[in-house]
Amino acid sequence: MGLIGASVAGGVREAWPEVHLVGVDTDERTRRIALEKGLVDEALAEEDPRLPELLKTECDLVILATPVDVDEPYLRIIAESGYTGIVTDTASTKERITKMAAELLRFPQNFVPGHPMAGSEVNGIDGARADLFQGAYWILCPSEDTPPDHIPALHELVDGLGARLIVIAPESHDRAVAAVSHVPHFVASSLVTLAARAADEQQTVMRLAAGGFKDTTRIAAGSPSLWCGIAFDNAEQVKAGLSEMRDILGSFADALESGDRETLTNMLKEAADVRRSLPAAWVPSSERLLEVRIPISNHPGAVAEATTIASEVGCNIQSIEIDHVTEDRAYLSMILTDEGDIGQLSAKLIGAGYAVSFAPLNPKEHIHV
């Protein structure tokens with residue numbers, strides 16, 4: 001029930017007030033605050049003897065909102081309880097937790113790795129907010145063994161919390177987040193260190209460090225122990241990213257050393273163009289929804305593959321469901337917003353062996369899908 005777990009609980013409480021929520025935490029103060037704030041109906045310690053029975057008889061979904069370093073005992077509790085439902089996590093690295101789940105869980109196919117890309121410089125339950133995930137990306141990394149209905153179920157959770165679902169192949173996740181999350185954290189920390197070294201006794205530099213500098217380095221205020229754990233969990237990808245960042249910074253230094261204004265300007269322009277191309281906010285048009293229907297009966301792992309392809313070409317999945325037409329026939333139905341490259345989506349799905357049909361929808365029709 002730290003920052004992420006307590007925020008998930010708060011978001012679930014607002015979206016589905018009738019859901020019975022059980023929070024687990026080793027810290028007594030955290031459990032007390034979670035109950036006082038109404039984030040959970042019950043707050044248990046890890047060793048509480050009621051926990052295995054609750055998992056076995058009452059629970060539909062387990063969310064491991066903990067650092068990977070402390071996941072092993074929870075995975076063992078889940079396995080020993082006989083729990084048969086969905087398990088997901090919120091860690092920002094996936095390789096290690098995926099291996100642990102495969103080794104420890106009784107039903108490893110029910111583990112769907114997850115990663116909400118949201119956070120705060122305020123750690124623990126004190127920083128929790130029910131709206132923390134509004135507009136954030138929430139990554140899922142299903143495998144070929146993931147049961148088809150698990151992804152629509154988790155999409156309902158993600159959508160209810162206001163986040164945007166992205167499906168990424170597990171082997172691609174750690175490399176991607178190293179570039180957009182882990183390395184930037186160390187760059188922000190380096191900028192703070194640079195400014196601190198430049199500060200004189202009167203801290204003049206630090207008084208000037210407002211506006212853009214504070215925005216750029218906000219993430220450097222995050223938990224040092226948490227980020228140390230993240231870095232070592234994803235060490236190879238973080239090292240590769242930092243090495244590439246060193247080369248990029250070296251290119252700027254080389255241009256200055258040689259007096260090459262043209263190269264320096266072009267490097268700055270390329271970065272500026274990419275930055276300006278990023279959307280300021282996600283505002284998809286509700287007037288242009290598209291339904292994609294894909295037969296999946298004879299394709300093991302079809303839901304994971306199709307949703308991954310949709311994410312790769314930039315399509316945002318507004319909703320997703322499995323339509324079981326008969327006992328042996330089923331269709332994957334994805335409602336897409338007006339983002340992404342539909343042409344690429346069609347070509348890649350067909351190339352992967354799927355028969356695909358597209359149909360435009362208006363918002364009223366979408367209600368009945």
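Values for this structure:
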{"item": "Pair list, Cβ under 8 Å, 6 or more apart: the stretch 186-205 residue in the same structural domain as Lys239 (by TED's automatic domain parsing), other residue at pLDDT 80 or above and among the aromatic types (Phe, Trp, Tyr)", "result": "Leu191/Phe213; Ala195/Phe213"}
{"item": "Test set (1) touching a Leu at 6+ places or on another chain (Cβ under 8 Å); (2) surrounded by fewer than 14 Cβ atoms within 10 Å (Cβ to Cβ); (3) outside any helix (DSSP H, G or I) - Arg76 fails condition number", "result": "(3)"}
{"item": "Yes/no for Ile125 being closer than 17 Å to Leu336 by Cα, touching a helix residue (DSSP H, G or I) at 6+ places or on another chain (Cβ under 7 Å) and surrounded by 16 or more Cβ atoms within 10 Å (Cβ to Cβ)", "result": "no"}
{"item": "Matching residues, the stretch 79-100, being farther than 25 Å from Phe133 by Cα, among the hydrophobic types (A, V, I, L, M, F, W, C) and within 22 Å of the chain's Cα centre (by Cα)", "result": "Met100"}
{"item": "Any hit, the stretch 102-119, residues being part of a helix (DSSP H, G or I), surrounded by 15 or more Cβ atoms within 10 Å (Cβ to Cβ) and of a type in the set (S, T, N, Q)", "result": "yes"}
{"item": "Filter pass, Asp126 being under 23 Å from Gly38 (Cβ atoms) and outside any helix (DSSP H, G or I)", "result": "no"}
{"item": "Near pairs, Cβ below 8 angstrom, 6+ apart or cross-chain, from the stretch 87-107 (in contact (Cβ under 8 Å) with a residue 24 or more places away in the chain) to any residue that is of a type in the set (Lys, Arg)", "result": "Leu104/Arg76"}
{"item": "Of residues in the stretch 60-70 being modelled with pLDDT under 95 and buried (at least 19 other Cβ atoms within 10 Å of the Cβ), the one nearest to Leu161 (Cα to Cα)", "result": "Thr66"}
{"item": "Failed criterion for Thr26 (all others in (1) at pLDDT below 95; (2) part of a strand (DSSP E or B) hold)", "result": "(2)"}
{"item": "Conditions (1) over 29 Å from Asn234 (Cα atoms); (2) within 21 Å of the chain's Cα centre (by Cα); (3) surrounded by 18 or more Cβ atoms within 10 Å (Cβ to Cβ); number of the one not met by Ala43", "result": "(2)"}
{"item": "Every pair of residues 6+ apart whose Cβ atoms lie under 8 Å, when the first sits in the stretch 110-137 and is in the same structural domain as Ala91 (by TED's automatic domain parsing) while the second is loosely packed, with under 15 Cβ neighbours inside 10 Å and in a loop (DSSP other than H, G, I, E, B)", "result": "Asn110/Thr84; Gly127/Glu121; Gly135/Ala281; Gly135/Trp282"}
{"item": "Options Asp48, Asp25; residue that is over 19 Å from Ala153 (Cα atoms), assigned by TED's automatic domain parsing to the domain that holds His150 and surrounded by fewer than 18 Cβ atoms within 10 Å (Cβ to Cβ)", "result": "Asp48"}
{"item": "Test: residue in the stretch 163-172 that is among the small types (Gly, Ala, Ser), at pLDDT 90 or above and under 16 Å from the mean Cα position of the chain (by Cα)", "result": "yes"}
{"item": "Residue count for the stretch 32-73, restricted to those that are in a helix (DSSP H, G or I), charged (D, E, K, R) and in contact (Cβ under 8 Å) with a residue 12 or more places away in the chain", "result": "5"}
{"item": "Residue list for the stretch 162-191, restricted to those being assigned to a helix (DSSP H, G or I) and among the β-branched types (Val, Ile, Thr)", "result": "Val177, Val180, Val183, Val187"}
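The values are calculated or read from the model by the stated rules, or taken from the named source; none is laboratory data. Note that the structure is a prediction, hence the values are computed from the model and not measured. Heads up, the Cβs are rebuilt from the backbone with ideal geometry, glycines too, and the neighbour counts pull from every protein chain shown.
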